[in-house]
Amino acid sequence: MRMFAIGLAALTTMSAGAHAAEPKSHHVQKIAKDIYLFEPTEAHINSNTLVIVNQDDVLIVDSHNDPRSAKQLVADIKTVTSKPIRYVINTHFHFDHVGGNEVFGDAEIIGSVFTHHQLSHDSLKGRTAQTILGPNGLIQQWTDGLKKSIAAESDPTKKAKWQKSLAEITASNRSVAEEVETPPTIAVKDKLTLYRAGREIQVIFPGRAHTAGDLLIFLPKEGIVATGDFFENLKTCCGFWGDAYPAEYVQSLQVLKELDFETVVAGHGPTISGDAAKLKITAYQMYLLDLYEQVASFKRQGLSALEASRKLDMSKHKVSFPDTPGPAEFRGEKPDEAVVRIYELLDGKDYHAAAPY
Ligand SMILES: [Zn+2]
(Lines give C-alpha, C1' and ligand atoms only; values in the text may rest on other atoms or scores of the structure.)
Protein backbone atom coordinates (compact mmCIF):
# COMPACT_ATOMS: atom_id res chain seq x y z
CA MET A 1 0.00 0.00 0.00
CA ARG A 2 1.04 3.56 -0.65
CA MET A 3 1.36 6.21 2.00
CA PHE A 4 -0.82 8.30 -0.24
CA ALA A 5 -2.40 7.71 -3.59
CA ILE A 6 -1.92 9.99 -6.55
CA GLY A 7 -5.00 9.77 -8.74
CA LEU A 8 -5.51 11.50 -12.04
CA ALA A 9 -8.05 13.81 -10.42
CA ALA A 10 -5.42 15.04 -8.01
CA LEU A 11 -3.04 16.00 -10.76
CA THR A 12 -2.92 19.70 -11.32
CA THR A 13 -1.44 21.89 -13.98
CA MET A 14 1.00 24.41 -12.61
CA SER A 15 -0.15 27.95 -12.60
CA ALA A 16 1.99 30.93 -11.76
CA GLY A 17 1.76 30.17 -8.02
CA ALA A 18 4.61 31.59 -6.00
CA HIS A 19 6.71 32.02 -9.11
CA ALA A 20 6.26 35.06 -11.27
CA ALA A 21 7.23 33.50 -14.61
CA GLU A 22 5.15 31.03 -16.57
CA PRO A 23 6.77 28.16 -18.45
CA LYS A 24 7.06 29.12 -22.13
CA SER A 25 7.66 25.81 -23.89
CA HIS A 26 6.13 23.15 -21.65
CA HIS A 27 2.97 21.91 -20.07
CA VAL A 28 4.06 21.50 -16.45
CA GLN A 29 2.18 19.00 -14.35
CA LYS A 30 2.81 18.69 -10.63
CA ILE A 31 2.74 14.95 -9.90
CA ALA A 32 3.70 15.04 -6.22
CA LYS A 33 5.41 17.48 -3.86
CA ASP A 34 8.50 18.80 -5.68
CA ILE A 35 8.05 16.40 -8.60
CA TYR A 36 6.92 17.62 -12.01
CA LEU A 37 6.35 16.36 -15.52
CA PHE A 38 7.63 18.80 -18.14
CA GLU A 39 5.93 17.91 -21.41
CA PRO A 40 7.05 20.01 -24.42
CA THR A 41 4.16 22.01 -25.91
CA GLU A 42 5.53 21.59 -29.44
CA ALA A 43 6.45 17.96 -28.89
CA HIS A 44 6.84 16.49 -32.41
CA ILE A 45 9.57 14.01 -31.64
CA ASN A 46 10.69 15.65 -28.41
CA SER A 47 10.41 13.66 -25.18
CA ASN A 48 9.12 14.28 -21.68
CA THR A 49 11.34 15.30 -18.78
CA LEU A 50 10.60 14.33 -15.20
CA VAL A 51 11.91 16.99 -12.80
CA ILE A 52 12.64 15.99 -9.20
CA VAL A 53 13.46 18.87 -6.86
CA ASN A 54 15.54 17.60 -3.94
CA GLN A 55 16.52 19.48 -0.80
CA ASP A 56 19.73 20.87 -2.31
CA ASP A 57 19.58 20.09 -6.00
CA VAL A 58 17.52 18.99 -8.97
CA LEU A 59 17.52 15.66 -10.80
CA ILE A 60 15.94 15.36 -14.22
CA VAL A 61 15.05 12.31 -16.29
CA ASP A 62 15.89 12.76 -20.00
CA SER A 63 17.40 15.87 -21.54
CA HIS A 64 15.12 16.46 -24.56
CA ASN A 65 15.69 16.23 -28.30
CA ASP A 66 18.41 18.80 -28.91
CA PRO A 67 20.43 21.56 -27.20
CA ARG A 68 17.93 24.27 -28.18
CA SER A 69 14.98 22.52 -26.56
CA ALA A 70 17.14 21.61 -23.52
CA LYS A 71 17.87 25.31 -23.03
CA GLN A 72 14.13 26.01 -23.15
CA LEU A 73 13.71 23.26 -20.56
CA VAL A 74 16.32 24.82 -18.26
CA ALA A 75 14.55 28.18 -18.53
CA ASP A 76 11.18 26.60 -17.74
CA ILE A 77 12.53 24.58 -14.79
CA LYS A 78 13.47 27.98 -13.27
CA THR A 79 9.74 28.69 -12.98
CA VAL A 80 9.50 25.95 -10.30
CA THR A 81 12.92 26.04 -8.63
CA SER A 82 16.18 27.97 -8.58
CA LYS A 83 18.19 24.99 -7.28
CA PRO A 84 21.00 23.66 -9.51
CA ILE A 85 20.42 20.70 -11.85
CA ARG A 86 23.05 18.21 -10.64
CA TYR A 87 21.83 14.92 -12.11
CA VAL A 88 20.51 14.00 -15.55
CA ILE A 89 19.34 10.42 -16.08
CA ASN A 90 19.03 9.16 -19.67
CA THR A 91 16.31 6.49 -19.92
CA HIS A 92 17.90 5.20 -23.16
CA PHE A 93 20.14 6.33 -25.99
CA HIS A 94 17.55 7.50 -28.56
CA PHE A 95 18.35 11.03 -29.67
CA ASP A 96 15.04 12.53 -28.58
CA HIS A 97 15.89 11.66 -24.93
CA VAL A 98 19.59 12.56 -24.82
CA GLY A 99 20.04 15.36 -27.38
CA GLY A 100 20.21 18.04 -24.69
CA ASN A 101 22.91 16.35 -22.55
CA GLU A 102 25.61 18.87 -23.48
CA VAL A 103 23.56 21.71 -21.97
CA PHE A 104 23.95 20.14 -18.50
CA GLY A 105 27.76 20.28 -18.50
CA ASP A 106 28.12 20.59 -14.71
CA ALA A 107 25.75 17.73 -13.91
CA GLU A 108 26.49 14.04 -13.61
CA ILE A 109 24.81 12.22 -16.48
CA ILE A 110 23.58 8.75 -15.57
CA GLY A 111 22.80 6.11 -18.20
CA SER A 112 23.01 2.39 -18.77
CA VAL A 113 26.21 0.70 -19.93
CA PHE A 114 24.64 0.36 -23.39
CA THR A 115 23.57 4.02 -23.52
CA HIS A 116 27.10 5.02 -22.57
CA HIS A 117 28.47 2.88 -25.38
CA GLN A 118 26.02 4.20 -27.97
CA LEU A 119 26.60 7.85 -27.10
CA SER A 120 30.34 7.26 -27.31
CA HIS A 121 30.03 5.82 -30.83
CA ASP A 122 28.21 8.36 -32.99
CA SER A 123 24.68 7.19 -32.31
CA LEU A 124 23.21 9.87 -34.60
CA LYS A 125 24.45 7.77 -37.52
CA GLY A 126 22.54 4.75 -36.19
CA ARG A 127 19.25 3.26 -37.31
CA THR A 128 16.84 5.16 -35.05
CA ALA A 129 18.25 8.59 -35.76
CA GLN A 130 18.49 7.90 -39.49
CA THR A 131 14.95 6.48 -39.68
CA ILE A 132 13.63 9.71 -38.23
CA LEU A 133 16.15 12.40 -39.17
CA GLY A 134 17.77 10.94 -42.29
CA PRO A 135 16.89 11.37 -45.98
CA ASN A 136 13.18 10.57 -46.54
CA GLY A 137 12.89 10.02 -42.79
CA LEU A 138 9.90 10.87 -40.64
CA ILE A 139 10.91 14.52 -40.20
CA GLN A 140 11.35 14.97 -43.94
CA GLN A 141 7.89 13.48 -44.55
CA TRP A 142 6.34 15.70 -41.88
CA THR A 143 7.92 18.88 -43.15
CA ASP A 144 6.95 18.06 -46.77
CA GLY A 145 3.36 17.43 -45.61
CA LEU A 146 3.28 20.63 -43.56
CA LYS A 147 4.55 22.70 -46.48
CA LYS A 148 1.80 21.31 -48.73
CA SER A 149 -0.87 21.96 -46.08
CA ILE A 150 0.34 25.54 -45.56
CA ALA A 151 0.29 26.23 -49.30
CA ALA A 152 -3.24 24.82 -49.69
CA GLU A 153 -4.80 26.32 -46.52
CA SER A 154 -7.03 29.39 -46.73
CA ASP A 155 -7.92 29.68 -43.00
CA PRO A 156 -5.31 32.09 -41.56
CA THR A 157 -5.52 30.58 -38.04
CA LYS A 158 -4.77 27.07 -39.26
CA LYS A 159 -2.11 28.36 -41.59
CA ALA A 160 -0.35 30.19 -38.74
CA LYS A 161 -0.48 27.11 -36.51
CA TRP A 162 1.15 24.95 -39.17
CA GLN A 163 3.72 27.61 -39.92
CA LYS A 164 4.65 27.68 -36.23
CA SER A 165 5.01 23.88 -36.19
CA LEU A 166 7.16 23.95 -39.31
CA ALA A 167 9.40 26.64 -37.80
CA GLU A 168 9.77 24.59 -34.58
CA ILE A 169 10.67 21.38 -36.40
CA THR A 170 13.16 23.20 -38.62
CA ALA A 171 14.81 24.92 -35.64
CA SER A 172 15.06 21.73 -33.60
CA ASN A 173 16.51 19.86 -36.61
CA ARG A 174 19.15 22.53 -37.01
CA SER A 175 19.96 22.20 -33.31
CA VAL A 176 20.32 18.39 -33.60
CA ALA A 177 22.79 18.91 -36.46
CA GLU A 178 24.94 21.17 -34.25
CA GLU A 179 24.78 18.90 -31.23
CA VAL A 180 27.86 17.54 -29.43
CA GLU A 181 27.10 13.97 -28.47
CA THR A 182 27.57 13.76 -24.68
CA PRO A 183 27.73 10.29 -23.09
CA PRO A 184 26.84 9.55 -19.45
CA THR A 185 29.48 10.16 -16.78
CA ILE A 186 28.04 7.34 -14.67
CA ALA A 187 27.07 4.00 -16.24
CA VAL A 188 24.56 1.69 -14.54
CA LYS A 189 24.90 -2.07 -15.01
CA ASP A 190 21.98 -3.46 -12.96
CA LYS A 191 20.84 -0.95 -10.35
CA LEU A 192 21.85 2.30 -8.70
CA THR A 193 20.08 3.96 -5.77
CA LEU A 194 20.43 7.66 -5.01
CA TYR A 195 19.55 8.97 -1.54
CA ARG A 196 18.90 12.68 -1.46
CA ALA A 197 17.82 13.97 1.99
CA GLY A 198 14.97 11.58 2.66
CA ARG A 199 14.22 10.81 -0.96
CA GLU A 200 15.11 7.48 -2.55
CA ILE A 201 15.59 7.31 -6.31
CA GLN A 202 16.16 3.85 -7.78
CA VAL A 203 17.65 3.49 -11.26
CA ILE A 204 16.91 0.00 -12.55
CA PHE A 205 18.00 -1.87 -15.68
CA PRO A 206 15.08 -4.27 -16.28
CA GLY A 207 16.69 -6.27 -19.11
CA ARG A 208 16.76 -5.66 -22.85
CA ALA A 209 13.53 -4.29 -24.26
CA HIS A 210 12.90 -1.10 -26.32
CA THR A 211 16.72 -0.97 -26.61
CA ALA A 212 19.53 -2.97 -25.03
CA GLY A 213 19.83 -0.34 -22.30
CA ASP A 214 16.56 1.11 -21.02
CA LEU A 215 16.44 2.35 -17.43
CA LEU A 216 13.45 2.64 -15.11
CA ILE A 217 13.56 5.45 -12.54
CA PHE A 218 11.51 4.45 -9.53
CA LEU A 219 10.62 6.52 -6.47
CA PRO A 220 9.26 3.95 -4.00
CA LYS A 221 7.95 6.42 -1.42
CA GLU A 222 6.08 8.54 -3.95
CA GLY A 223 5.01 5.55 -6.08
CA ILE A 224 6.24 7.12 -9.31
CA VAL A 225 8.10 5.37 -12.10
CA ALA A 226 9.58 6.99 -15.22
CA THR A 227 9.97 4.55 -18.09
CA GLY A 228 11.19 6.47 -21.13
CA ASP A 229 10.00 4.61 -24.23
CA PHE A 230 10.14 1.24 -22.47
CA PHE A 231 6.43 1.78 -21.85
CA GLU A 232 5.10 4.58 -23.98
CA ASN A 233 1.40 5.22 -23.97
CA LEU A 234 -2.07 3.82 -23.62
CA LYS A 235 -3.27 3.96 -27.19
CA THR A 236 -0.43 3.23 -29.54
CA CYS A 237 1.56 1.01 -27.17
CA CYS A 238 4.66 0.26 -29.12
CA GLY A 239 6.77 3.08 -30.49
CA PHE A 240 9.87 2.33 -32.53
CA TRP A 241 11.10 -1.27 -32.62
CA GLY A 242 14.17 -0.98 -34.82
CA ASP A 243 16.49 -1.43 -31.81
CA ALA A 244 14.18 -3.62 -29.71
CA TYR A 245 14.44 -7.17 -28.38
CA PRO A 246 10.80 -8.30 -28.63
CA ALA A 247 11.24 -11.74 -27.03
CA GLU A 248 13.23 -10.46 -24.01
CA TYR A 249 10.95 -7.41 -23.75
CA VAL A 250 8.12 -9.57 -22.37
CA GLN A 251 10.18 -10.58 -19.32
CA SER A 252 11.63 -7.08 -18.87
CA LEU A 253 8.07 -5.67 -18.71
CA GLN A 254 7.45 -8.05 -15.82
CA VAL A 255 10.12 -6.17 -13.81
CA LEU A 256 8.14 -2.95 -14.31
CA LYS A 257 4.85 -4.63 -13.47
CA GLU A 258 6.20 -5.87 -10.15
CA LEU A 259 7.20 -2.38 -8.93
CA ASP A 260 4.74 -0.82 -6.47
CA PHE A 261 3.80 2.33 -8.40
CA GLU A 262 0.75 4.59 -8.68
CA THR A 263 1.87 6.79 -11.55
CA VAL A 264 3.84 6.15 -14.73
CA VAL A 265 5.71 8.94 -16.47
CA ALA A 266 6.26 7.63 -19.98
CA GLY A 267 8.75 8.91 -22.52
CA HIS A 268 6.08 10.87 -24.38
CA GLY A 269 2.59 12.08 -23.57
CA PRO A 270 0.68 12.45 -20.31
CA THR A 271 1.10 10.45 -17.09
CA ILE A 272 -0.67 7.10 -16.75
CA SER A 273 -2.31 5.91 -13.54
CA GLY A 274 -0.89 2.75 -11.98
CA ASP A 275 -4.00 0.58 -12.42
CA ALA A 276 -4.43 1.50 -16.09
CA ALA A 277 -0.72 0.98 -16.69
CA LYS A 278 -0.68 -2.50 -15.15
CA LEU A 279 -3.51 -3.65 -17.44
CA LYS A 280 -1.73 -2.17 -20.44
CA ILE A 281 1.60 -3.76 -19.54
CA THR A 282 -0.08 -7.18 -19.59
CA ALA A 283 -1.75 -6.33 -22.91
CA TYR A 284 1.60 -5.22 -24.28
CA GLN A 285 3.21 -8.50 -23.19
CA MET A 286 0.46 -10.40 -25.05
CA TYR A 287 1.00 -8.22 -28.12
CA LEU A 288 4.74 -8.85 -28.13
CA LEU A 289 4.37 -12.60 -27.68
CA ASP A 290 1.83 -12.79 -30.50
CA LEU A 291 3.95 -10.61 -32.78
CA TYR A 292 7.08 -12.64 -32.14
CA GLU A 293 5.36 -16.00 -32.61
CA GLN A 294 3.63 -14.97 -35.84
CA VAL A 295 6.78 -13.50 -37.35
CA ALA A 296 8.93 -16.48 -36.30
CA SER A 297 6.38 -18.83 -37.86
CA PHE A 298 6.34 -16.87 -41.16
CA LYS A 299 10.11 -17.01 -41.22
CA ARG A 300 10.09 -20.78 -40.70
CA GLN A 301 7.69 -21.03 -43.65
CA GLY A 302 10.25 -19.22 -45.81
CA LEU A 303 8.33 -15.95 -46.26
CA SER A 304 10.33 -12.78 -46.96
CA ALA A 305 10.13 -9.95 -44.42
CA LEU A 306 7.84 -8.03 -46.79
CA GLU A 307 5.54 -11.03 -47.26
CA ALA A 308 5.49 -11.55 -43.49
CA SER A 309 4.62 -7.87 -42.92
CA ARG A 310 1.63 -8.23 -45.26
CA LYS A 311 0.43 -11.44 -43.67
CA LEU A 312 0.80 -10.44 -40.03
CA ASP A 313 -2.54 -10.08 -38.26
CA MET A 314 -2.49 -8.18 -34.98
CA SER A 315 -6.10 -7.00 -35.19
CA LYS A 316 -7.22 -8.73 -32.00
CA HIS A 317 -5.03 -6.31 -30.00
CA LYS A 318 -7.05 -3.30 -31.18
CA VAL A 319 -9.17 -3.73 -28.06
CA SER A 320 -6.17 -2.69 -25.98
CA PHE A 321 -4.41 -0.42 -28.43
CA PRO A 322 -7.06 1.23 -30.62
CA ASP A 323 -4.83 3.81 -32.27
CA THR A 324 -2.01 1.58 -33.29
CA PRO A 325 -2.11 1.11 -37.04
CA GLY A 326 0.06 -1.94 -36.47
CA PRO A 327 1.35 -4.45 -38.94
CA ALA A 328 -2.24 -5.75 -39.33
CA GLU A 329 -2.88 -2.82 -41.63
CA PHE A 330 0.45 -2.96 -43.34
CA ARG A 331 0.36 -1.38 -46.79
CA GLY A 332 3.99 -0.39 -47.21
CA GLU A 333 6.40 -1.21 -49.99
CA LYS A 334 9.20 -1.83 -47.53
CA PRO A 335 8.82 -4.45 -44.77
CA ASP A 336 7.62 -3.33 -41.37
CA GLU A 337 10.44 -2.33 -39.00
CA ALA A 338 9.35 -4.78 -36.27
CA VAL A 339 9.37 -7.67 -38.73
CA VAL A 340 12.79 -6.69 -40.06
CA ARG A 341 14.10 -6.53 -36.51
CA ILE A 342 12.75 -9.96 -35.54
CA TYR A 343 14.14 -11.51 -38.75
CA GLU A 344 17.52 -9.98 -37.99
CA LEU A 345 17.52 -11.31 -34.40
CA LEU A 346 16.41 -14.79 -35.54
CA ASP A 347 19.26 -14.79 -38.07
CA GLY A 348 21.73 -13.88 -35.30
CA LYS A 349 22.51 -10.57 -37.05
CA ASP A 350 21.73 -8.04 -34.32
CA TYR A 351 23.59 -4.93 -35.42
CA HIS A 352 24.14 -4.05 -31.75
CA ALA A 353 25.54 -7.48 -30.87
CA ALA A 354 29.06 -6.17 -30.19
CA ALA A 355 27.90 -3.43 -27.78
CA PRO A 356 28.10 -4.09 -24.03
CA TYR A 357 24.96 -3.85 -21.92
ZN1 LIG B 1 13.08 5.49 -27.87
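The values are calculated or read from the model by the stated rules, or taken from the named source; none is laboratory data. Since the structure is predicted, the reported quantities are computational estimates derived from the model, not experimental observations. Every residue, glycine as well, gets a Cβ built from its backbone with ideal geometry; the counts of neighbours run over all protein chains shown.
Tabulated data
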{"read-out": "Members of region 189-230 found to be in a strand (DSSP E or B) and without any contact (Cβ under 8 Å) to a residue 40 or more places away in the chain, listed by number", "value": "191, 193, 195, 200, 202"}
{"read-out": "Residue in region 277-294 that is in the same structural domain as residue 63 (by TED's automatic domain parsing), within 14 Å of the ligand (Cβ to nearest atom) and touching a residue at least 24 places away in the same chain (Cβ under 8 Å) present", "value": "no"}
{"read-out": "The listed residue being over 30 Å from residue 56 (Cβ atoms), among the hydroxyl-bearing types (Ser, Thr, Tyr) and more than 20 Å from the chain's Cα centre (by Cα), out of 211, 185, 170", "value": "170"}
{"read-out": "Test: residue 349 is within 28 Å of residue 119 (Cβ to Cβ), free of Cβ contacts under 8 Å to residues at least 24 places away in the same chain, among the charged types (D, E, K, R) and not assigned by TED's automatic domain parsing to the domain that holds residue 218", "value": "yes"}
{"read-out": "So residue 279, is it part of a loop (DSSP other than H, G, I, E, B) and either of a type in the set (A, V, I, L, M, F, W, C) or farther than 22 Å from residue 223 by Cβ (or both)", "value": "no"}
{"read-out": "Residue check, residue 244 in contact with a helix residue (DSSP H, G or I) (Cβ under 9 Å, 6 or more places away or on another chain) and assigned to a helix (DSSP H, G or I)", "value": "no"}
{"read-out": "Options 240, 218, 205; residue that is at pLDDT 95 or above, within 16 Å of the ligand (Cβ to nearest atom) and closer than 24 Å to residue 116 by Cβ", "value": "205"}
{"read-out": "Residue match in region 138-147 (condition: outside the structural domain of residue 87 (by TED's automatic domain parsing), in contact (Cβ under 8 Å) with a residue 12 or more places away in the chain and either polar (S, T, N, Q) or assigned to a loop (DSSP other than H, G, I, E, B) (or both))", "value": "yes"}
{"read-out": "Conditions (1) part of a helix (DSSP H, G or I); (2) more than 16 Å from the ligand (Cβ to nearest atom); number of the one not met by residue 114", "value": "(2)"}
{"read-out": "Residue 49 under 30 Å from residue 131 (Cα atoms) and modelled with pLDDT under 95", "value": "no"}
{"read-out": "Filter result for residue 245 (of a type in the set (Phe, Trp, Tyr) and either out of contact with any Lys or Arg (no Cβ under 7 Å at 6 or more places or on another chain) or free of Cβ contacts under 8 Å to residues at least 60 places away in the same chain (or both))", "value": "no"}
{"read-out": "Selected residue (criterion: farthest from residue 314 (Cα to Cα)) from residues of region 251-284 that are touching a helix residue (DSSP H, G or I) at 6+ places or on another chain (Cβ under 8 Å) and of a type in the set (A, V, I, L, M)", "value": "264"}
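Residue-by-condition table, conditions (1) under 23 Å from the mean Cα position of the chain (by Cα); (2) modelled with pLDDT of 90 or more; (3) outside any helix (DSSP H, G or I):
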residue	(1), (2), (3)
310	no, no, no
324	yes, no, yes
332	no, no, yes
339	yes, yes, no
345	yes, yes, no
348	no, yes, yes
357	yes, yes, yes
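Residues are listed down the side, and each one gets a yes or a no for (1) over 29 Å from residue 132 (Cα atoms); (2) surrounded by fewer than 17 Cβ atoms within 10 Å (Cβ to Cβ):
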{"residue": "224", "(1), (2)": "yes, no"}
{"residue": "242", "(1), (2)": "no, no"}
{"residue": "262", "(1), (2)": "yes, no"}
{"residue": "265", "(1), (2)": "no, no"}
{"residue": "270", "(1), (2)": "no, yes"}
{"residue": "287", "(1), (2)": "no, no"}
{"residue": "294", "(1), (2)": "no, no"}
{"residue": "306", "(1), (2)": "no, yes"}
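Okay, residues lined up against (1) under 20 Å from residue 218 (Cβ atoms); (2) away from the ligand (no atom under 15 Å from the Cβ); (3) part of a strand (DSSP E or B); (4) polar (S, T, N, Q):
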site	(1), (2), (3), (4)
47	yes, no, no, yes
59	yes, yes, yes, no
69	no, yes, no, yes
88	yes, yes, yes, no
132	no, no, no, no
154	no, yes, no, yes
